[in-house]
Each structure stands twice: as C-alpha cells, then as structure tokens.
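Heads up, the thing below is written out as structure tokens.
The values are calculated or read from the model by the stated rules, or taken from the named source; none is laboratory data. Quick caveat: nothing in here was measured; it's all calculated off a predicted structure. Cβ placement follows ideal geometry from the backbone for every residue including glycine, while neighbour counts extend to all protein chains displayed. Just so you know, the surface numbers come from the protein's heavy atoms only, side chains and all, with ligands and any DNA or RNA stripped out. Shrake-Rupley method; radii C 1.70, N 1.55, O 1.52, S 1.80 Å.
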Amino acid sequence: MTNGKPARPLPAWPRSGQAGLNFRPAEEADIPFLSRLYASTRAEELAVTDWSDAQKAAFLDMQFQAQRAHYVRHYPKAEWLVVNRAGQDIGRLYIERWPSQHRIIDIAFLPAYRRNGYGSALLRDLVEEAWLAGKSASIHVEKDNPARQLYVRLGFTIVEDKGVYDLMACAPPVAPNRPRLK
C-alpha cells in the first residue's frame, strides 16, 4: 500500500466525479475495510461450502493476505486507492500505469454499491485516461465474473487466456480524432 501520500496527484476522473466517487490512497489503517471488501467478493463462492464461519473467515484472511502480497510484489509502482462516496468507503481501485498500457489490477465495490453505475463510470474514466496517453487499458477477469459483461460492453476483448482468468484489453481507436467515451 502507500505511506499515505500518492506518488502523483490523484487523477480527476469526470464520470466518477459525477457519480459522487472520491479516491484516496489506501493506508495500513484501511486493511480491515479492504479485507472485508475482499471477503464480500468471495461470499457467493463460499456460500455453497459446508465450512464453518470460522473456517471461512480463516480462509478469506489467508487469501486476502496472499492476494495483497502478490499485488505488492508484482505491481510495485501501483496506485492503491480506496473509493468512497458520501463519506463512506465503498470500494477499491488498484492500478499501475506502464509504458505500454494501464493495468487495472483490481476494482471492487461492496455489494450495496454494485450495479449502480459506479464501476461503469470509473472504468470509462480509466479507459479514457489510457487512450489519451495512447495506451490500452487491461485487466485480468475471472471467466465467471458477472462484471465481464460490462468489460465487453466497454470494448474490452480477450487478448490472452490465463486459465481461470482472461487478460482483457481495450485498445484505443485507430482514428486520429478519437471519440470520447460516453
């Protein structure tokens, strides 16, 4: 995560702003929220197990810590952002900007804030930011992730099959006068 200061000024994303979303660098104090958010993304999957609540909690904690360690190791220059709306932390966005592309490492919202247009607004902003820099936006998406439909609607296509995940990318239009995303 960060030392509390962004590596660069936080971007001003217009669609996200219109949706009331704000962003701040994630800090160590955010770990309990980020862990709870992660657990919410796995709730459906674990609902069908016969594990006890204690077993589920231990598994989720282990998986959260492993994911966090993986992200920090493989994306050393990433921005780790907490998404909030109306003073409430509602999600996370992890992104690293490479010379060739902008990699969306992870984007997630608490269940009450899913399917409200927030992810769509944010993704449109992220794609436009990448396009304006002459780059693609990319993300790994689980094959059974319901958000996959949103990525396809926004123009993401599969560029590599990674087994459980697909690497999807949204390349900028070739035309010299690129239209803005709506």
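Calculated accessible area for the chain comes out at 56 Å² per residue, all protein chains present (probe 1.4 Å; ligands, DNA, RNA ignored). Over the stretch 11-116, the alpha carbon radius of gyration divided by the compact-protein estimate 2.2 N^0.38 Å works out to 1.15.
Considering the stretch 86-182, its Cα convex hull presents a mean projected area of 6.9 nm².
Against the main long axis of the alpha-carbon atoms of the chain, helix 53-74 sits at an angle near 40°. Comparing Cα centroids, the stretch 26-54 and the stretch 72-140 end up 20 angstrom apart. Over the residues of the chain, the helix contribution to mean residue ellipticity at 222 nm works out to -10500 deg cm²/dmol, using -39500 (n - 2.57) for each DSSP H run of at least 4. Its Cα centre serving as origin, the chain has a Cβ charge dipole (Lys and Arg +1, Asp and Glu -1) of approximately 760 debye. At q = 0.09, 0.11, 0.13 Å⁻¹, what log₁₀ I(q)/I(0) does the chain have when each alpha carbon counts as one equal point scatterer in the Debye sum? Listed by q, the Debye log ratios stand at -0.32, -0.49, -0.69.
Here the stretch 20-64 is described by how far its Cα atoms reach on the three principal axes: 38, 23, 13 Å, from widest to narrowest. Normalised by the number of residues in the chain, the mean separation of alpha-carbon contacts (under 8 Å, six or more apart) gives a relative contact order of 18 percent.
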